[in-house]
Amino acid sequence: MGPRMIWGRRDERVAGLGRRWQAAETRTVKSTKRGCYRVCSVYPFVFRAAPALFSLALLVPSHAAAAENEDIAALRRMLGELKAENRKLSERLSALEGTSPARRTKPAAEHQRPAPAVTAAKPAPTVQSPPVDPPALPAPDLSDAAAKRPLNERVRDLEIGWAANENATRQILRDTLNKTGPKINNFLTLSGVVEGVASRAGSFTGPTQENLSLGTAELDFDIKLSDWLTGALVLHFDSGTGAIFPTGNQPVVPTNVPGVGVDRFTLDRTHVTVGDLMQFPIAARFGVEVLHFGTSTGVARLDTLSIGTPLTTEVFENRQTAGGLEFAWPTPPRQPPPAPVVVPRVSPLVVAPAVSQLMRWLGYTPLPERPFRPTPVTFPFDPAPFYGSVVTYKGSDSIIPGRTKIDDYNASLGFRTRGHCGVPYDQLKDSLICPWTLDFHVDYSSSVFESRFLHSSYLPFLSQIGQIPGIAASLKTSFGPFAFVGEVNAAIQDARFIDGLGIARSMMPMTWQASIAYQFDWNPWIQEIGAQGDYISLGYSGSKDMAGVSILQSGVPTRVGFVPQHRLFLTGGEWVMDGLKVAVEYSANWDYPVSAGGTGKVAHGWFGLIQLNF
């Protein structure tokens, strides 16, 4: 028998023994000593082949084992995803808790103890603090109850706190930048105003009209090269269609279509000042400006709280290219600046709270903002009590044809003072009188018909009228939350001429105004009534000898050069936020009676204003 035959029979015997061994194991047959001795004696090599058979069985995977391996792999994938999500939440939690100032002040042992839900997570690198330390956030709750809260809730709470921290930091940086102003560079500061007006106003000669217009658009550039050399440049948008608040009077336009204008951005005012009146009593000034005459400055929003313009400013505002000297005496003594004062904030009371409540009702929930301490303010020194100016300019050739000399001038002399009744400001919060301010000045003009309104309205008759001098007296004062303005402007000679219908005229233009304003949520440190919070104002202005005259325009008699005999303003406004003001106003204008050349009518108007200051 060959070797192959011998090995084949041996393999069969081994296979048979394997089958009998498996049956014995399956049936759990008990072997006796005799059976065991028989098997061991007959087949001694079975014990040597058993390990090889067992290894062969392990190398052959079954279907059940494959299915079990797939389930284990799926569980491992799910576990990996859960660990990854947990790791992300842990990193966010570590970053938020690590950057919290209150968290950083915890003892080292407590800080190193990991939270139960993030034990397996690696600590995130500490985020560096911002350059300006914000107000401290509330310390995170490290109690057992807080530790049992879901991880996503803890992360959400910390994110809300971190948002409040960022808002507070932003506010601190904003307040710090406000101290220096919006400087373009070291010498130039930019500011301005954009103003929109909606109106419904009547007219003396036509139907009631509604209008939506751009009231004002200005860019103000303040230049300061040093304390002794300063300047300003103001650019102004003009639609070229005349006044915003029509009362039936429009200047004569050199076109066949009335009310047509061209949009333009023009130079409104500019000046250069050499000198410092806080250090020396005299300074030189040159520029294109509104000359001192009453409260007219060409910027009505700085002088009155009404949306409309008082008759004093409308009639006598005189803008010229002039140069001269200013003075202030006595020069304030050199002294250290006063101590900074924390000024209470004036809060809006009507519009802003109503809008906030409406937004919350609609579902808006703002992020919490941390309260911050107001920045102390250092008030400037009081200026010299006596002040004034003398400037000269070359008037219009329409008044003196072919003039070659600079023979018009303007002079002003004033007195200002203030006081607080000898009581500290923090004890005047309920006072209706103190602190108080007073500013009185008298102005002289060599030619009142150089004003913008009188010059354009009486242009055909200026050569007959000539130079008519005028004088103005004005008073600005405040007592506690109240502010008062009184003013009288008038020509001091008769203007005689023959109008377009050949009728001899004699007139002495005169206007006056009186207004009172009240500041809500007032505090003694407020420098200007109506510059913040809520306010209400009532103003009255009137005119004399301003019923107008007649000219022939296209062969038709036309009334020109008139203003209302009486004008009334009732205004309410609110600064809803820093730099944004809204206001509403009712106005009434009474024309001169028919016997004096007017219509005897009353024109009512309603106005709304939104103003952005920056």
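Laboratory data are not the source of any read-out in this text; all were calculated from the coordinates shown. What you see is a predicted model, and the numbers here were worked out from it, not measured in a lab. As a convention, Cβ positions derive from the backbone with ideal geometry for all residues, glycine included, and neighbour counts pool all protein chains shown.
Observations
- Within the range 526-614, the percentage of alpha carbon pairs spaced more than 17 angstrom apart rounds to 62%.
- Cut-off 20 Å, label 7 Å out along Cα→Cβ of I610, residues of the range 510-545 by amide N: 532-535
- Estimated at 0.36 nm per residue, the fully extended path between W436 and L235 surpasses their Cα-Cα distance by 68.9 nm.
- Gain on full stretching of the segment that runs from A74 to D276 - 0.36 nm per residue minus C-alpha separation: 64.4 nm
- Residue order, fewest to most surrounding Cβ atoms within 10 angstrom, among M78, M278: M78, M278
- Contour minus Cα-Cα distance for A514 and A531 (0.36 nm per residue): 4.2 nm
- Proxy reagent accessibility, fewest Cβ within 10 Å first, across E487, E218: E218, E487
- Relative exposure of I72, I399, I516, judged by other C-beta atoms within 10 Å (fewest first): I72, I516, I399
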